[in-house]
Amino acid sequence: MTENIQIGTTDVYSTPLGLGTNAVGGHNLFPNLNDDTGKAIIRVALTNGITLLDTAFAYGMGRSEELIGEVLKEFDRSKVAIATKAAHDPASGGAFNNTPEFLTRSVEEALKRLQTDYIDIFYIHFPDETTPKNEAIAALQKLKEAGKIKAIGVSNFSLAQIKEANQDGFVDIVEDEYSLIHRDAETELFPYLRDNKISFVPYFPLASGLLTGKYESDVTFPPEDIRSKKADFQGERFKSIIEKVNQIKLIAADYNASVAEIVLAWYIKNPFVAVVIPGAKKPEQVINNAKALNVHLTEEDYQRIDVLFR
Ligand SMILES: NC(=O)c1ccc[n+]([C@@H]2O[C@H](COP(=O)([O-])OP(=O)(O)OC[C@H]3O[C@@H](n4cnc5c(N)ncnc54)[C@H](OP(=O)(O)O)[C@@H]3O)[C@@H](O)[C@H]2O)c1
């Protein structure tokens, strides 16, 4: 039986494995996405032990939320935790907006697209430059008291901005980049979050597929693929990551599991990670990733992987 993880001190719970949905309806982010495949990805997730869906207005400018809303009608809403985000303001060309008015309107509009009457986790997707952070959070606290959202999150905030946002203790969860190959959060962010009972969700946990073991160092990406520009996929850094991932292949063989399963199992065992939310372009990837819920790394293997990527 998979343990249920509490988000902050709220009454939102999830299994430790969620689904990232930037490739579900995220036509502005990835080429050649298909909405039916996106819906199939959600269905497969929700029937394979995944209970948290991570979306955002910015994924297809509402399209990802709409697709989730359509599929959600086939499932028991109370068993699914929906996390969404807003900050990109269409009225100003997508500039970040954290004003109380904008956030309140964003929640109302997301509720309609998701065809639901509450959002489990609502994140400010990116900080804007002008709104005092505690004022933005106070607007979300009002929405929480009104039952429209159940947990308050921030994403892409610096630690100083998180502290400012959390002045009144209202922040429940933080989402930021963290993976075996991007571990800055461990130094200062994780201790602060632990001391303040704030949950953490890492994004890019598979480093956009690099940590699944499917690449060799001679791979090249077409210019329209964002990986062609990402530093992790270039030159010596790329080669050194692939060498480390190849070491995980040996551990994976012992568990009769894929590299993706082992890497996801490492986050599941990591005490600072609440829910890990790998994205997917195909239902088969979700089926594979969901198997990580049944991989229980020994402490020794957890430490071996930890040290390998230090
Ligand atoms: N808060 C934020 O600002 C922010 C920013 C970025 C992401 N996010 C969230 O975090 C989630 C995760 O990030 P991400 O999806 O960009 O990156 P990711 O989880 O690191 O990588 C996902 C990609 O890896 C590949 N993949 C997944 N499972 C696989 C498997 N079992 N075998 C082989 N390949 C597999 C797929 O791409 P290919 O098939 O193309 O290889 C998939 O799209 C997003 O979906 C989104 O919800 C949030």
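The values are calculated or read from the model by the stated rules, or taken from the named source; none is laboratory data. Keep in mind the model is a prediction, meaning the values are calculated, not measured. Virtual Cβ from ideal backbone geometry, glycine too; neighbours counted across all protein chains shown.
Details
- The condition of being crowded, with 17+ Cβ neighbours inside 10 Å, more than 14 Å from the ligand (Cβ to nearest atom) and acidic (Asp, Glu) holds for Asp172.
- Options Lys144, Lys229; residue that is within 30 Å of Asn288 (Cβ to Cβ) and either out of contact with any Cys (no Cβ under 7 Å at 6 or more places or on another chain) or at pLDDT below 95 (or both): Lys229
- Looking only at the range 197-223, and only at residues there that are over 23 Å from Asn22 (Cα atoms) and out of contact with any helix residue (DSSP H, G or I) (no Cβ under 9 Å at 6 or more places or on another chain), the one that is surrounded by the fewest Cβ atoms within 10 Å (Cβ to Cβ): Asp218
- Counted residues, the range 207-227 - those being part of a helix (DSSP H, G or I) and more than 12 Å from the ligand (Cβ to nearest atom): 0
- Count of the range 167-200 residues which are under 20 Å from Ile262 (Cβ atoms) and in contact with a strand residue (DSSP E or B) (Cβ under 8 Å, 6 or more places away or on another chain): 2
- Looking only at the range 29-50, and only at residues there that are more than 14 Å from the ligand (Cβ to nearest atom) and in a loop (DSSP other than H, G, I, E, B), the one that is surrounded by the fewest Cβ atoms within 10 Å (Cβ to Cβ): Thr47
- Among the candidates Ala280, Ala253, the residue that is at pLDDT 95 or above and either in contact with a His (Cβ under 9 Å, 6 or more places away or on another chain) or within 13 Å of the ligand (Cβ to nearest atom) (or both) is uniquely Ala280.
- Subset of the range 103-149 [under 17 Å from Glu66 (Cα atoms) and in contact with an Asp or Glu (Cβ under 8 Å, 6 or more places away or on another chain)]: Ala110, Leu111, Arg113, Leu114, Gln115, Ile121
- Those helices (runs of 4 or more DSSP H) of the range 72-168 in which at least 1 residues are within 16 Å of the ligand (Cβ to nearest atom) and surrounded by fewer than 19 Cβ atoms within 10 Å (Cβ to Cβ), considering only elements entirely within it, cover 159-165.
- Here is the figure for the range 1-28: residues that are in contact (Cβ under 8 Å) with a residue 40 or more places away in the chain, in a loop (DSSP other than H, G, I, E, B) and of a type in the set (A, V, I, L, M) total 4.
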